[in-house]
Amino acid sequence: MLTQKLPAVQSFLPLVSRRVGHLSSRRYDVIVVGGGHAGTEAAAAAARVGADTLLVTQKIHTVGALSCNPSLGGVGKGHLVREIDALDGLCGRAGDWAGIHFSILNRSKGPAVWGPRAQLDRQRYREFIQSELLSTPRLTVLEGSVEELLVTEPNPDEPGRHRVTGIRLADGSQPISAASVVLTTGTFLSGSLFVGQTTSPGGRIGDAPSGAGLTHTLRERLGLKVGRLRTGTPPRIVKHSVDLSLATLHPPDSRPTPFSFMNTRTRCEPEEQLPCHLTLTTPGVERIVRESLHLNCHIQQDTKGPRYCPSIESRVMRFPGRSHQVWLEPEGVTSDLLYPQGLSMTMPPDAQLRLIREIPPMRRAEIHTPGYGVQYDFVCPTQLSPSLQVKNTQGLFLAGQINGTTGYEEAAAQGLWAGLNGARRSLSMPPAALSRTESYIGVLIDDLVSRGVTEPYRMFTSRAEFRTSLRPDNADLRLTPKGFELGCVLSPRYQEAVRVESSLREAMAALQAVRLSTTSWRKMLPDIGVSDNKSSLMTGMEILQYKDASFEMLASVFPETLSAYMEFSQRLKIEAVYKPHCDLNRREIERIQKEENMSLPQDIDYVSLPVSLSLEVREILERARPSTLGAATRLEGMTPAAIVALFNYVHFTEKQEKTMQRNQRNQKEDRDEDLCSTNVSLPR
Amino acid sequence: MLPLRSVYGGIFRAAIRKLQTSRSPCLHRLLSTRDGLQVGLADADTIFALSSGHGRCGVAVVRVSGPASATALRRMVGLTHRLPPPRTALLRSITDPCSKEVLDRGLVLWFPAPHSFTGEDSVEFHIHGGPAVTTAVLQALGSVPGMRPAEAGEFTRRAFQAGKLDLTEVEGLGDLIHAETEAQRRQALRQMSGELGRLYQDWSHKLKRCLAHVEAFIDFSEDELIEDGVLERVDRSVCDLQAEVKQHLKDERRGERLRCGVQVVIAGATNAGKSSLLNTLCQRPAAIVSPIAGTTRDVVETALDIGGFPVLLSDTAGLRDSSDLVEQEGVRRARERVHQADLTLLVVDSTRLPSDVQQAADFLSDHLRTVLPSLKQPETEKCLLVLNKTDLLPEAQTQKLQQELRRVSGLPAVCLISCQTNEGLKDFLTVLQSSVKTLCGDPLCGAPTLTQARHRAHLQQCAAALAQYQRYRDADLALAAEGVRLALTSLGRITGRVGAEEILDIIFKDFCIGK
């Protein structure tokens, strides 16, 4: 069932009415700056944890806007959506609400790499996110432009370490204070827009550029290292001007699979879904790219763009003389626009029009909005801790494109994690970390903070070492209980996860309990090809591992023990097939988790550390400042000897501190006793 | 390595106890992951290694530790059920469990847990020294299920984990592991620069492409134009690779003979008398000697016996900047050799030393730094300074240098000799012999058998992982890809680790990813 009911459209009005003057408070636990995918997840997560949260956005009506492609999920990205949903985030449920074309990518390649994906209706997506934020307790949304981030001078005891105290808005009103501030400003940090030879400041067409004050605080006051990246978006095409009969039809899955663990169906009925179309570029496209190259400053500039999702210009330059795919995607049920995925471009608008008309279905196409490029600053994410807090500024969290990533799902994942940690900090709870052994979110964050980025970072399944264990189907088992413990998962979802977990466990025990000889199995299930060279008994679990075996088959043979679990037939099949591989992974996973549980103090001076470390290793450690021993072992150039030395050092100092504390306590007690005796001996 | 000890002795002892009880298993595992040379396998494995030195020694000791020790013992000495009494030497025939061929006759000792060096079930084989027997025994052990060659410092780590090491031994652990990994690194470098190395690198390269193409197919084929036949090409590559690896494992004669012995390299500036030293040491004119600087251009190798220990002595081209292409290559090879050496004999023309002793010492330190930039202060035993041509110095100056340079700290041992008159040669040989002896005491140094056994283990894992690809190719590509990943990891333990980024680089080089 689709659990989410949207309130009537009228109820959006109060959201809009929350202007500065109406703010009931000038003090919050958490302030989130930015209303994109990172910002909305951050604000919602912080509020779920229990923090009084303020979301500040330039325009309330663009909160939850899909500023680029009208789609969610995919291979790797779909994994992230499932994990965000397992942590009670918004985007999975929003996708189920707004999806108009659902498909599972990689259906034939094994459940570990299935990529749930959907084309979205932009308006429905925005509606869902806005109504969800509005109905979230403890969350206030405010329209305004942040002019300045307020930070303290460094504490003399901790040189170079600042603390966030709040923000100041551009309208000159009084500052708003908060213990944690989450910045999710996307491409707005020193952003510039490019079309042809025109350049203008800004992070997205139609929006005012962000205040320069924020950039100044980050770069000058906090001394954060920034880099520059570029991205782009394609022109939007008027739908009725395109002859879709000349393109290949790509229908959606006949039965939509919801993103969310809480939904059993999507808002869109199967037959209401819209198709996508696929077409190919022609040599004429390449010709126009080359002709217009001298008019294209975005492409000429030396800024790092991604190797994936590149502009059509860089695609034809890097792989000349061949056809490139262009997907024509619907923008919504009522929208009159098409999104040409793969045609991101920054040439002058007249050249853009000539270019798209070189592609057969678009011979007579009209452009609604031209494509453009964006160049923007990102903060080198190695300056963050795994909680996404800036290492040298307590209470300042960064999430999304500001950390050098690309993609809605990557942004949303970080937003959720930063919001959760911002709230935990404001409520005096210890920071939470996710390991790369348990989630794609953990892989994403670990890659960012320990390795940094050289091009916009996007999730791929090949980045996850434990891909066979981190599957989209089991994200709830992996993350929901943990999320509940951390405070970002609400009770209904937790109850559901507990129910699923215990049912799966019971079902697997029941499957293990069914033990028969291979002869009996062959007689009972002749079609699955049970091999006859095994002399021992085989369990139902082992039978389920056969390619052609299904849980339904087994349940039909043993209805009394198994039919109660039909709801989980697909999940049980996947569990059975992957179990041997996950068991193999487990030892390695446990080892890494133990290393990650050993944190290294952030104030260690590696240069003068009194242990035997080579100068080389000291430099590596000083530069990378790993937050755990696990992160240290993954650094290039680390030696086992250095790891032993670090391990010993950390243990001895911990021990030493405890002893000192004990001694101090003892001394204090001694002193107290002295005082008592003094009192007694004093003549009255 | 732990200066804290003197100050916080008690704390230290308590912490050690804590380490040995609660946290030490994870320390053990920590130590066992790192780069390609080490394997991150958990404690359940049974490990084996040659624990004695090598060279011409009467007895070699092979140690086994871990749960499968008893199985190994039974299989190797043909016991059916009863194990020998604990800690009692037993004379038995040692046979290959597969071929049943008798490999040697020697002593076996059974140490049941916890009364062993590592605290685990352990077995010792005392067999006849000599490479043929030890290699055969090590390879036979490798064929017992659940057994693998020990990694650097692994026996010590297990002992540490079981609380069998005392305080001073724990302090030395880091240094020990450093020394052993260094020895392995040099060993690996030597092998990787040869024929075999090229073969493994080639396999690794092919596997990387296979993995990149499978990964590209998984991550991008739904949205992108991944041309037809990508997976079919991978299938063929995997099939060919598997056949090659298996053939390689079967054919013992293939590949080059590994160079045995302690690697001693003679290095220094041109015309210092390096080739003369080589000829003097091997007592025959193995290398051409002339007064012309730059006479030796290639590496000249001679196998020698120094005090009963096998030594591979290499003479190298004089180190200088040259415009001659042939000589440049010679200098490059010389530097490469020095990098791989167990012991470097740095030859200096003593007539070119400043007459003031302090200045001479500074000159030598500088010289050392330019020739051996990687040599660290505590490793001075890996180098001997040979001051040649003392016949051209006044007697008094020779005496003075001899006495004073010994007192200079931070310099390796200094020997003054004359290859012309053989003056000082006897003292030099004594020093050289003791260095070689120390180096031979380290079972890892110069022993190719261990590396060979390790390579075999990893190659077997590699072949098995490729079979996983084939098994799952049609049913589940994610699990099939896992097979290629595992194969690459196993091979990476020989050739060096391969990171995810490297695979992504290949993907983006080979495919146009547009979405």
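List of remarks:
- With the convex hull of its Cα atoms as the shape, chain A has an orientation-averaged projected area of 40.6 nm².
- Label point 7 Å beyond Cα of A:Arg219 along Cβ direction - residues of the range A:180-196 with amide nitrogen under 19 Å: A:183-194
- Each residue of the range A:566-572 is assigned a 3J(HN,Hα), and the resulting list reads 4, 3, 9, 4, 5, 4, 5 Hz, derived from the Karplus form 6.51 cos²θ - 1.76 cosθ + 1.60 (θ = phi - 60°), x at Gly and Pro.
- Relative contact order for chain A, counting Cα pairs under 8 Å that sit 6 or more residues apart, in percent: 16
- Where labels lie 7 Å past Cα in the beta-carbon direction, separation of A:Ser550 and A:Arg522 in nm: 2.5
- Gyration tensor verdict on the range A:529-570 (Cα atoms; rounded if a/c is under 1.5, prolate if a/b is larger than b/c, oblate otherwise): prolate
- The range A:95-234: C-alpha gyration tensor shape, a/c 1.5 cut-off, then a/b vs b/c: prolate
- Within chain A, helix-based [θ] at 222 nm, where runs of 4 or more DSSP H residues each add -39,500 (n - 2.57), nearest 500: -11500 deg cm²/dmol
- Mean separation of Cα contacts under 8 Å (6+ apart) over length of the range A:491-596, as relative contact order %: 24
- Shielding of peptide A:106-119 by partners, expressed as the average count of other chain Cβ atoms within 10 Å per residue Cβ, is 4.
- Cα lying deepest toward the dipole's positive end in chain A, options A:His101, A:Pro340, A:Leu427, charges on Cβ: A:Pro340
- Label point at A:Thr165 placed 7 Å out along Cα→Cβ; residues across the range A:192-227 whose backbone nitrogen lies under 18 Å: A:214, A:217-218, A:221-223
- Shape annotation for the range A:109-174: C-alpha extents along the principal axes are 57, 34, 22 Å, from largest to smallest.
- If you plug the beta carbon distance of B:His115 and B:Val59 into 1/(1 + (r/R0)^6) with R0 = 35 Å, you get a FRET efficiency near 0.95.
- Other-chain or far-sequence residues with amide H under 5 Å of A:Met347's (modelled H): A:Gly196
- FRET E, pair A:Glu272, A:Asp350, Förster distance 25 Å, beta-carbon r, rounded to 0.05: 0.10
- The range A:286-389 - Debye-derived log10 I(q)/I(0), Cα point model, q = 0.22 Å⁻¹: -1.26
- Ranked by the mean number of other Cβ atoms within 10 Å per residue, highest first, peptides B:132-138, B:243-249 order as B:132-138, B:243-249.
- Once the C-beta distance of A:Gln602 and A:Gln123 is scaled by a Förster radius of 60 Å, the resulting FRET efficiency is 0.85 to the nearest 0.05.
- The modelled label-to-label distance between A:Asp253 and B:Asp321, using points 7 Å beyond Cα along the C-beta direction, is 6.7 nm.
- Label-to-label distance, nm, for residues given as A:Gln570 and A:Thr282 (7 Å Cα→Cβ offset): 4.1
- Charge dipole (Cα centre; +1 on Lys/Arg Cβ, -1 on Asp/Glu Cβ; no other charges) of chain A amounts to roughly 560 debye.
- Global form of the range A:491-596, assessed from the alpha-carbon gyration tensor, a/c cut-off 1.5: oblate
- Straightening the chain between A:Ser503 and A:His368 buys 43.4 nm, computed as 0.36 nm per residue apart minus the Cα-Cα spacing.
Readers should treat all values here as calculations from the given coordinates under stated rules, not as data from a laboratory. Nothing here was measured: the structure is a model prediction, and the numbers come from that model. Glycine gets a Cβ as well: all are built from the backbone with ideal geometry, and neighbour counts include every protein chain shown.
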